[in-house]
Amino acid sequence: MNFEFSEEQIMIQQSARDYAQRELIKDVLDRDAKAEFPTHHVKALAELGFLGMLVDVKYDGGGMDTISYVLAMEEISKIDSSVSVIMSVNNSLVCYGIEAFGTEEQKEKWLKPLARGEKIGAFLLSEPEAGSDATSQRTTAIDKGDHYLVNGVKNWITSGNSASTYVLIAQTHAEKGHKGINAFIVDRHSPGITLGPHEDKMGMRSSDTHSVMFTDVVVPKENRLGEDGFGFKFAMKTLEGGRIGIAAQALGIAQGAYERALQYSKERKTFGTEIINHQAIAFKLAEMHTRIEAARFFCLKSAWLKDQGKPYGTASAMAKYWAAETAMYVTTEAVQIHGGYGYVKEYHVERLMREAKLTQIYEGTSEIQLMIISRAISNI
Ligand code: CAA
């Protein structure tokens, strides 16, 4: 067992850290207040190669490993998860799905611009009545010979407006249940696609989240990903990797809040000494640090399994579960350590707490992760 990172992994981590600490930090509070999309940061991350970092170089990606991805996601998320969620969805849900299950023509046409970060992607699975219960897809994609005709509504779509490329999950053969579901690549600007308003979210406010309505949208036959009826498995396989990205995001949120709380506790004095010298605070920090280290190990283990080509679905569910719960715990404690200062915007920890909450919800709630883990252990 080797706990050391390679030189390349450290360079990638450093490059993400430099960008986050130097650039993202400058306007993060302002973008959060205005819920403003981080256009120039997305462009800069594309130039750094982070938007398609997991994609093979032959499809214009960065050809980096999943460990490097975890390291980069953590650094960006320490400062701004509105940006890291765009990076995670593009890499893990959109690019991965096309690279793993698409045809050469699909990769040439759709994957390359996504991997270069010239376009960004969105993953359309959730519906008003199909969130956790993802098999209950009501959006239909009816086979019309040379094309599919899509009708329905998708909800909570990250990058719903800013994405140019959608990966859409829809029901083709309702009588077959989940075995009748398909996955498609859809041009976001196709006639018949309309968007709901920008969701006014609690946290990650500057990533754009929308509902997306499909009315008689024509999707060419060649845009289907995988065999007829493969769509549900496609979504599940894709989410296994997506959860590594969100786990790493939660890890970064927790680490960012912890570092701020540690720093504050070394500066702030009460009862004649820095508050870190009070056991009540020191034990909080020790607990936060220990939970974060455990989350880091889960993230790196699931990334390592993926890189080794071994099964990683249960490991990524454990990583996401533990990291998200840790992020919520640590950010809440970080606010508490800051006292009144923690409750105002300029100290950042209240924003990190709002961001942490979303990691317990999207890409499978904490309860869904426990369902996946419990099913895995009952099958051992
Ligand atoms: N890999 C491959 N196949 C899988 C699989 C996996 N990881 N998980 C399930 N399947 C297969 C099963 O084998 C089964 O196939 P067969 O019938 O052929 O055996 C089929 O899928 C159905 O599986 P289940 O019976 O287990 O289905 P279920 O209804 O009990 O639900 C679930 C399973 C794990 C709860 C699933 O519904 C789920 O993951 N729900 C959460 C959905 C989710 O994460 N949504 C996030 C939205 S995306 C998002 O948030 C993106 C964003 O913008 C940030």
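The values are calculated or read from the model by the stated rules, or taken from the named source; none is laboratory data. The shown structure was predicted, so the numbers you read here are calculated from the model rather than taken from an experiment. FYI the Cβ positions are ideal-geometry reconstructions off the backbone, even for glycines, and counts take in every protein chain you see. When the accessible area is computed, the model is the full protein with side chains, heavy atoms only, and any ligands, DNA or RNA have been set aside. Shrake-Rupley method; radii C 1.70, N 1.55, O 1.52, S 1.80 Å.
Can you report the number of residues in segment 30-53 which are of a type in the set (A, V, I, L, M, F, W, C) and closer than 11 Å to ILE120 by Cβ?
In the first step, residues of segment 30-53 are kept if they are of a type in the set (A, V, I, L, M, F, W, C); the result is 33, 35, 37, 42, 44-46, 48, 50-51, 53.
In the following step, the residues that additionally are closer than 11 Å to ILE120 by Cβ were identified as 37, 42, 45-46, 51.
So the answer is 5.
Just one of THR194, THR140, THR165 is modelled with pLDDT of 95 or more, of a type outside the set (Asp, Glu) and open to solvent by less than 10 Å² (accessible area, probe 1.4 Å); which is it? Steps first, answer last, please.
Details: THR194 fails: open to solvent by less than 10 Å² (accessible area, probe 1.4 Å); THR140 fails: open to solvent by less than 10 Å² (accessible area, probe 1.4 Å).
Exactly one residue qualifies, and that residue is THR165.
Within segment 307-317, is there a residue that is modelled with pLDDT of 95 or more, open to solvent by 10 Å² or more (accessible area, probe 1.4 Å), out of contact with any strand residue (DSSP E or B) (no Cβ under 9 Å at 6 or more places or on another chain) and closer than 26 Å to LEU29 by Cα?
No, segment 307-317 has no match at all.
Which residues, taken from segment 353-380, are assigned to a helix (DSSP H, G or I), open to solvent by 80 Å² or more (accessible area, probe 1.4 Å) and within 9 Å of the ligand (Cβ to nearest atom)?
Selection gives MET371, ARG375.
Out of segment 334-348, which residues are in a helix (DSSP H, G or I) and either modelled with pLDDT under 95 or open to solvent by 30 Å² or more (accessible area, probe 1.4 Å) (or both)?
GLN336, GLY339, GLY340, TYR341, TYR343, LYS345, GLU346, TYR347
Taking the condition among the aromatic types (Phe, Trp, Tyr) and either more than 22 Å from LYS109 (Cβ to Cβ) or out of contact with any helix residue (DSSP H, G or I) (no Cβ under 9 Å at 6 or more places or on another chain) (or both), does PHE184 pass?
When the stated conditions are applied, PHE184 does not pass them.
Of the residues TRP110, TRP156, which is in contact (Cβ under 8 Å) with a residue 12 or more places away in the chain, crowded, with 17+ Cβ neighbours inside 10 Å and within 10 Å of the ligand (Cβ to nearest atom)?
Only one candidate qualifies: TRP156.
Between residues in segment 115-142 that are within 28 Å of MET53 (Cα to Cα) and more than 13 Å from the ligand (Cβ to nearest atom) and residues that are among the acidic types (Asp, Glu) and open to solvent by 50 Å² or more (accessible area, probe 1.4 Å), which pairs lie under 9 Å by C-beta distance while being six or more apart or on different chains?
Between residues of segment 115-142 that are within 28 Å of MET53 (Cα to Cα) and more than 13 Å from the ligand (Cβ to nearest atom) and residues that are among the acidic types (Asp, Glu) and open to solvent by 50 Å² or more (accessible area, probe 1.4 Å), the close pairs are ALA115/ASP56; ALA115/ASP60; ARG116/ASP60; GLY117/GLU47.
Exactly one of (1) open to solvent by 60 Å² or more (accessible area, probe 1.4 Å); (2) within 21 Å of the chain's Cα centre (by Cα) is unmet by GLU175. Its number?
Among (1) open to solvent by 60 Å² or more (accessible area, probe 1.4 Å); (2) within 21 Å of the chain's Cα centre (by Cα), GLU175 violates only (2).
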